[in-house]
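What follows is a short report on a single structure.
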Amino acid sequence: MSAARKTLKILALIYFVLGIASLVIGIAGIATGNLDSTYGSNAMLAAVVLVAKGLVDLAAGVAGIKGANKPSQVDGAFKLGIVAAAATLLQAALTLPALGGSSVNIVAFVIVVYDLFFVQQAHAVKAENKDRL
């Protein structure tokens with residue numbers, strides 16, 4: 001297994017954990033309404049985005065593991081990584097004070113970098129697989 005495939009597998013496992021965490025936080029936010037302090041008037045929308053991001057992260061994790069094990073199937077991880085980056089940017093934007101939030105979500109901006117690194121690794125595995133054929 002190449003270094004790109006190993007890295008993609010590790011990133012995919014982390015994605016899986018992030019997906020579960022996003023789902024738990026989003027569902028808890030919907031159930032309890034505790035996201036008002038961070039997201040202000042966008043709390044319910046932010047909770048829905050968190051749940052959607054959790055589902056995308058879980059799917060990207062599974063696709064990343066599949067792609068690392070079988071490089072011909074890495075295209076799904078590549079596409080889901082891009083969707084996850086967009087969802088993270090939306091989540092980060094919802095915390096901006098101009099949109100009714102109370103702060104700037106620095107963690108979400110860090111996760112966008114992680115999302116883009118995941119996409120880059122999926123692309124590297126895809127290119128590596130193309131070279132083999």
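For the chain, what is the mean residue ellipticity at 222 nm derived from helices alone (per DSSP H run of n ≥ 4: -39500 (n - 2.57); sum divided by total residues; nearest 500 deg cm²/dmol)?
That comes out to -28500 deg cm²/dmol.
Please work out whether the stretch 1-71 counts as rounded, prolate or oblate from its C-alpha gyration tensor, where a ≥ b ≥ c are the square roots of the eigenvalues and a/c under 1.5 means rounded, while otherwise a/b larger than b/c means prolate and anything else oblate?
On the way: a/c = 3.88, a/b = 3.53, b/c = 1.10.
It comes out prolate by the Cα gyration axes.
At 1.4 Å probe size, what's the solvent-accessible area of residue 10? Round to the nearest 10 Å².
Approximately 100 Å² for this residue.
What is the sum of charges, Lys and Arg at +1 and Asp and Glu at -1, for the other residues whose Cβ falls under 12 Å from the Cβ of residue 77?
+3
Could you tell me the number of lysine pairs in the chain with C-alpha atoms less than 22 Å from each other, where the two lysines are 8 or more residues apart or belong to different chains?
21
Report the net charge of residues surrounding residue 23, where surrounding means a beta-carbon distance below 12 angstrom and charges are Lys +1, Arg +1, Asp -1, Glu -1.
0
Give or take rounding to whole Å, what are the principal axis extents of the alpha carbon atoms in the chain, in descending order?
52, 26, 17
The values are calculated or read from the model by the stated rules, or taken from the named source; none is laboratory data. Since this is a predicted model, take the numbers as computed values, not measurements. As a convention, Cβ positions derive from the backbone with ideal geometry for all residues, glycine included, and neighbour counts pool all protein chains shown. These accessible areas exclude ligands, DNA and RNA; they are computed on the full protein's heavy atoms, side chains included. Shrake-Rupley method; radii C 1.70, N 1.55, O 1.52, S 1.80 Å.
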